[in-house]
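Below: one structure, written as structure tokens.
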Amino acid sequence: MLSRLKKKTEKSTRIDIIHDGSPVLSGRGTNLPIVAVESASQRNVRLMHGRIILAAFAFVMIFGGLIVRLAEITLNGPAPEPAVRVIAFDAPKEKTGPRAELTDRNGNRLAMNAPTIGLAVESRNVWSARETAEGIASVLKGIDSERLQKKIETRSYVFLRNEISDFEREKLVQLGLPGVQFVAGTKRVYPQGDLAAHLVGQYIAGKGGVMGLEGAIDRLDLSGTVVSSIDISAQQILEEELAGAMALYQAKAAWGVIMDVRNGEIIALASLPDFNPNAPGSSPADYRRNRVMYDRYELGSAFKPLTAAAALEDGIASFDSMYDVSEKLKIGGRTISDFTPKGPVLSFMEVLQYSSNIGAAQMALSMGGERQQDYLRRLGLLDVLETELPERRPSAYPERWGRVETATIAYGHGIAVTPLQLTAAFGAVVNGGTYYRPSFLKQEGARQDGLRVFSQQTSASMRIALRRVITDGTSKGAEAPGYYPIGKTSTADKPSKTGGYQEDVRLSSFIGAFPGYDPRFVILVSLDEPKPTEATAGWATAGWVAAPVFKNVVSRLGPVFGLNPVGDDRAFAGFMREFRQSPDRRLALNEDSFTAPDPALDPVGALLMELGP
């Protein structure tokens, strides 16, 4: 209000305008006008009216522009697109729903989404950044109050934890800190813990699935419930048997695979040591490596069945073929010898039975390097094995494939593949001759298309030959009564980083199938650098340490899948099924008389007599 107004009419009139005791305008002169001075409240009302008018004007202009633009589009169509368009390639698809859950083939959960309560701070609602930071730090471990205070002061929103416990939430509520928010969210939970950890994989918020089936969810853009091919009962059996052997023989690592030979489905896959995906940081990073799919090894004598099957298929070998192994084989400056020399002459099946490097090399040399490569390529051993999972590793083999390489690769030296590659290749040898690419998703309806590599006759012959390896060869420890398993030992020297091979450092494996007379599953088990024990008579070779693991897995796995032990008559009929249908009755023998054959001259007959009529 104007508390005082002095007005004089003289030429030197001085005018003072006082507002609330303070001068706001003063002057001297005859022409100085007297101006009415508005109060602060009046000025605020005037400014507010001006702003309203300005905002209304802006709204009318913008809205009017939109109407004009809409009319242009309606009458003239959309504006032409620019000549250059920016397109983002391989951009990840936006997930609009919850992450897909994982189950085994029977519906048992492997990975699921669980609700959580997290913690965040809405900084604009905070009364005191210091008090809020200190209060939160007093409840949550690992929170630096000073750093949190700075974040609250400089950021509008601070996300702290995806999950807090009920106890922590209650304590924070009691503090009554303004701006503290409890945020609803989800976390990935793995109900089976470390069981099948490498198969299931791991999910990291912000990164997605980084391995295993979790990686497959993102690669294949899977949603809903993803049903995997694995069976957790089979998985547990495989892991338990491998872990027991790993501890018994003090091995550095162990791994194994169980594959359905009828369609390539992976029923179980284990790589030890393993980890718990619920707490991956609690184990060394090396434990998360999937040795079955990512590591490659020279798997030694496990290649001999592949060589023998190819030789049979090409017609350069038969059950009547004989191989002179009386002397070491010298070729291209290399000398090839046998670990346990037999002979001087071995039959086709005895080459497998006694695991002769010399005999396998002779088969491959008769076939030639080009044909050998062709078979190995069709068996998936020369290319990267593509599956649903992100883990993969290319094979390693020599660029120059001469006679020396042909000979050594015949028995698994000079070529390194992943254990999963070998498992799939062996499946084609025993399942009737068809190669199936391994799959980690349960297949509904018709099985996947396979690649015919061997004839039914060749596969049937190999089943009999591989049965003989267990009954009379290096794999007696793999015998599982009533299942008539078939298979092959493999004791491979480990390459040295400086060249050559390490002495007394081995990889002991067994690869086989059961039931041998009508294979359903292929099983590979391996122990990395096992140590001998008194029970193994000082040996750590595959027949002593790996074959018994295979036997235990077969004996426990059979009943899980309704495969019960059978008698000799049924097994004999199964082994002979293909030969009864073959025009080559020579291999079927005289089934009426069953005259005892000479094992040295007729190993097939000896096997069949062993099985009984």
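Quick note: the coordinates plus some simple rules give every number you see, no bench work behind them. Remember, predicted model here, so these are calculated numbers, not experimental data. Glycine gets a Cβ as well: all are built from the backbone with ideal geometry, and neighbour counts include every protein chain shown.
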Handout entry: Rounded to whole Hz, the Karplus (6.51, -1.76, 1.60) HN-Hα couplings of the range 179-185, x for glycine and proline
Key = x, 7, 10, 9, 9, 6, x
Practice task
Just rank Y294, Y157, Y517, fewest to most, by other beta-carbon atoms within 10 angstrom.
Solution key: Y157, Y294, Y517
Fill in the blank from the handout: Ranked on Cβ counts within 10 Å of their own Cβ, fewest leading, D274, D374 go D374, D274
Fill in the blank from the handout: Dividing the surface of the Cα convex hull of the range 103-244 by four yields a projected area in nm² of 11.1
Problem - the range 101-227, relative contact order in percent, only Cα pairs under 8 angstrom and at least six apart counted - result: 34
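Could you give the length gained on full extension between E370 and T186, defined as 0.36 nm per residue of separation minus the Cα-Cα distance, in nm?
Numbers: separation 184, 0.36 × 184 = 66.24 nm, distance 5.54 nm.
Length gained, E370 through T186: 60.7 nm.
When a footprinting reagent is the concern and you count Cβ atoms within 10 Å, what order do R169, R291, R124, R377 take, fewest first?
Values: R169 15, R291 25, R124 8, R377 12.
So the ranking, lowest neighbour count to highest, is R124, R377, R169, R291.
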Problem - 15 Å reach of a label modelled at R403, 7 Å along Cα-to-Cβ, counting backbone N of the range 311-352 - result: 329-336
Practice task
Would you mind getting me the FRET efficiency between K252 and A396? Use the beta-carbon distance for r and R0 = 22 Å, nearest 0.05.
Solution key: 0.60
Exercise for the section: Only Cα pairs under 8 Å and at least 6 apart count here; give the relative contact order of the range 271-344 as a rounded whole percent. Expected result: 17
Practice task
Quote the relative contact order of the range 440-527 in percent (integer), defining contacts as alpha-carbon pairs under 8 Å separated by 6+ residues.
Solution key: 20
Problem - Rotationally averaged projected area of the range 245-343 (alpha carbon convex hull; nm²) - result: 11.3
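Can you work out the FRET efficiency for the pair D569 and R334, with r the C-beta to C-beta distance and R0 = 30 Å, to the nearest 0.05?
0.05
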Problem - Cα-only Debye scattering, the range 108-178: base-10 log of I(q)/I(0) at q = 0.11, 0.22, 0.26 Å⁻¹ - result: -0.29, -0.94, -1.27
Fill in the blank from the handout: Whole-number value, in Å³ per residue, for the convex hull of the alpha carbons of the range 173-328 is 223
Practice task
Tell me the label-point distance for the pair A535, R437, using the 7 Å Cα-to-Cβ offset, in nm and rounded to one decimal.
Solution key: 4.2
Fill in the blank from the handout: Expressed in µm² per second, the diffusion coefficient of the range 239-611 from the Stokes-Einstein equation, with Rh the Kirkwood radius over alpha carbon pairs, at 37 °C and 0.692 mPa s, is 158
